[in-house]
Ligand SMILES: Cc1cc2nc3c(=O)[nH]c(=O)nc-3n(C[C@H](O)[C@H](O)[C@H](O)COP(=O)(O)OP(=O)(O)OC[C@H]3O[C@@H](n4cnc5c(N)ncnc54)[C@H](O)[C@@H]3O)c2cc1C
């Protein structure tokens, strides 16, 4: 981060006498991208006040909650070594044999005739077949432990971007009542709802079939200079980038 950006960010981290509804960063959507970026920012900037807004109530159901993630090694590395979820991965998730490929054989009706290419022993750097519900529940518990405000069962209804002001405004519906929160930075991690993409008309038509991916778009208010994205940040934290590869 530039010196100016660092200065502006420190300034806002130390300026929290105001309303409890004001945050440095509000993350819209608490799926895997939103929950992991919340943890990562908190690790790197413990004084940053972070709010995560998630529509679904926690705990979410296990097994059938969302499709994926079948992680490859780089994603497992991020969860284990960057976010410190080693124990959860080892005890709660299923270790797998990395990336495997199946080649065609005739009309592919007989799976046992297809040639399978992949590891036959566990790799030193493990990968996991992850139960998304279980992971998101663990991440939800973890971010609360690390002093991040996590409002589950909370729907983002309207976003008012205030590029000239210190705070953006977000209207939420939580526990059947509507209210407004304010944040200097907004991270859109709402997945296919794509709240900011829709609002800003950034959607584009593709001629090919789109590939499922995770997004976190980051919108600062102008009073903060420079992006607070940690250097070397993983896919889920960068501006509109893909989540780990699909296997
Ligand atoms: C069929 C299929 C198979 C896949 N297989 C794999 C795989 O094997 N490996 C892999 O790595 N990836 C896989 N993926 C991709 C993976 O599922 C996505 O990349 C990942 O779910 C994206 O995470 P996310 O956090 O960006 O979005 P999501 O997990 O969708 O999270 C977005 C969150 O925002 C919340 N939200 C939305 N609107 C609002 C609102 N208005 N207010 C508050 N909260 C809101 C939602 O409730 C949700 O929890 C697969 C996807 C599909 C469809």
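Figures for the structure shown
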quantity: Strands (runs of 3 or more DSSP E) contained in the range 155-236 and holding at least 1 residues modelled with pLDDT of 95 or more and surrounded by 20 or more Cβ atoms within 10 Å (Cβ to Cβ); calculated: 168-174, 177-188
quantity: Some residue of the range 33-45 being surrounded by fewer than 16 Cβ atoms within 10 Å (Cβ to Cβ) and over 16 Å from the mean Cα position of the chain (by Cα); calculated: no
quantity: Neighbours by Cβ (under 6 Å, 6+ apart or cross-chain): first from the range 146-168, under 20 Å from residue 190 (Cβ atoms) and without any contact (Cβ under 8 Å) to a residue 24 or more places away in the chain; second near the ligand (Cβ under 10 Å from one of its atoms) and part of a strand (DSSP E or B); calculated: 157/173
quantity: Residues that are out of contact with any strand residue (DSSP E or B) (no Cβ under 9 Å at 6 or more places or on another chain) and either within 16 Å of the ligand (Cβ to nearest atom) or farther than 22 Å from residue 49 by Cα (or both), drawn from the range 157-199; calculated: 176, 177, 191, 192, 198
quantity: Exclusive hit being within 16 Å of the ligand (Cβ to nearest atom), modelled with pLDDT of 90 or more and touching a strand residue (DSSP E or B) at 6+ places or on another chain (Cβ under 8 Å), set 25, 72, 60; calculated: 25
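The values are calculated or read from the model by the stated rules, or taken from the named source; none is laboratory data. Quick caveat: nothing in here was measured; it's all calculated off a predicted structure. Cβ coordinates were reconstructed from backbone atoms using ideal geometry, including for glycine residues, and neighbour counts include every protein chain displayed.
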